[in-house]
Amino acid sequence: MIADSAIPGNATALAQQEDFLEAAVREHSRMVFRIACSVLRDPAEAEDATQETFLRALRYGKKFARIEDPKAWLARIAWRVAVERRRQAAWAGRVAEPLENEIPSTAAGTEQLLVEQERSAMLERLIAGLPDSLRDPLVLSALDELSPREVAAALGISEAAVRSRAFRARQILRDRITALTNARS
């Protein structure tokens, strides 16, 4: 192994960028995939978006020393990549397959699985029906488990706006679920 002092300046910088990318992939790849999957609703597309996110991170790796929160920085890149891919897919007329194709657990009975799948599908439709300005903070904070600060950084809005929008989205979902359950009764 060559000592850092023996590597010329450009090679040292390249080695540091590769080290950054390797550490970032190890630490944040699951989060990046969850963000991409929540936007794209297709695991294969989410994997491609995850790879593209880390390629973009490597391209801008020189800025890493100035980044205060690498997790939020990667979340923002992942969000932008996924939204861009979603727009391209919509423009091309492709429709993402629902995530319901996963193999269900055998722990619950068939009837229970059907009820749970129906609830999940209903909740997904309700969330998808929210305006983007409310849906995005809700998905990133509740489903992807990012902090309000990280969501704010990813979406380019204030933390107060994140909290307010996520709260409003939850209120709307609660009202719509209540209306649906009352209509079924």
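Between R26 and Q117, what is the spin-label point distance in nm, taking each point 7 Å from the Cα along the Cα→C-beta axis?
Placing both labels 7 Å along Cα→Cβ, they lie 4.0 nm apart.
Which order, highest average first, do 35-44, 150-159 follow once you tally other Cβ atoms within 10 Å for each residue and take the mean per peptide?
Working: 35-44: 21.5, 150-159: 19.2.
Highest to lowest by the protection proxy: 35-44, 150-159.
Which order results if S133, S141 are arranged by neighbouring Cβ count within 10 Å, fewest first?
Values: S133 13, S141 21.
Ranked by crowding around the Cβ, least crowded first: S133, S141.
Output the peptides 68-80, 110-122 sorted from most to least packed, where packing is the average of other Cβ atoms within 10 Å over each peptide's residues.
Values: 68-80: 19.9, 110-122: 11.6.
Answer by packing, highest mean first, reads 68-80, 110-122.
With the crude spin-label approximation of a point 7 Å out along Cα→Cβ, what separation in nm comes out for E47 versus D132?
2.8
I'd like the FRET efficiency for E84 and D19, computed as 1/(1 + (r/R0)^6) with the beta carbon distance as r and R0 of 25 Å, rounded to 0.05.
On the way: r = 28 Å, r/R0 = 1.10.
It comes out at approximately 0.35.
Rule-based calculations on the coordinates, nothing more; no lab input. Owing to the predicted nature of the structure, the values given are computational and were not obtained by experimental measurement. Note that we place each Cβ from the backbone using ideal geometry, even for glycine, and neighbour counts take in every protein chain shown.
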